[in-house]
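The values are calculated or read from the model by the stated rules, or taken from the named source; none is laboratory data. These numbers come from a predicted model, not from an experiment. A quick note on method: Cβ atoms are made from the backbone with ideal geometry, for glycine too, and the neighbour counts reach across all protein chains shown. Side chains are part of the model used for accessible areas, which takes the heavy atoms of the whole protein and leaves out ligands, DNA and RNA. Shrake-Rupley method; radii C 1.70, N 1.55, O 1.52, S 1.80 Å.
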Amino acid sequence: MAACTTYFDSASGWSARVAEHNAALLAQQPMRRRGARTPEVCFAKSFDNSRLVKAADPVRVRQMRIFSAAVALLFSLVMIYGLQHFSAIEGSYRVESEKQTLDQLREENRQLRLTEAEMAQPGRIDGLAHQMGLAAPQPGQVVHATISPESSAPVLAQVTPPAPPAQ
């Protein structure tokens, strides 16, 4: 009889071989490590750098000055732009607030004009006068003020006694 292997049989054999290989590599790892056999020793050294002096580099100093000036200029331009931008926004808010105030005042003025027109109706005034017991004026009782255009002096108001009723 011939040996018949299936796909699953060969796969299990393959995984067994891989597991054996991994186990062998794991067993060899401690032998291959160098740090495990030699101790690590550190020696402290003290350095005295107090006598060292940094050499001046005029090219680097000039480059740093140019770079610093460019950054300062860029920063100032950004700040000026931001200031203008935010002041424009604040101005638009102020204008909008003034528009709302103007609209409120116009509406209040309209309401006051309506109230004035309602209060100044002659029929309403006549009705209130009759409720208070007032009578209509007699002829000659109403005196109209006349100001002559030639005289610019102030006019003093005068009261004339009413004429006696005719019998």
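Below is a table of values for the structure above.
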read-out: Subset tally (residues that are out of contact with any Asp or Glu (no Cβ under 9 Å at 6 or more places or on another chain) and surrounded by fewer than 10 Cβ atoms within 10 Å (Cβ to Cβ)) for segment 120-140; value: 10
read-out: Which numbered condition GLY82 fails, given (1) closer than 30 Å to PRO164 by Cβ; (2) surrounded by 10 or more Cβ atoms within 10 Å (Cβ to Cβ); value: (1)
read-out: Qualifying residue in segment 39-59 (condition: assigned to a helix (DSSP H, G or I), among the β-branched types (Val, Ile, Thr) and under 22 Å from the mean Cα position of the chain (by Cα)); value: no
read-out: ALA55 at pLDDT 95 or above and either open to solvent by less than 90 Å² (accessible area, probe 1.4 Å) or on the phi > 0 side of the Ramachandran plot (or both); value: no
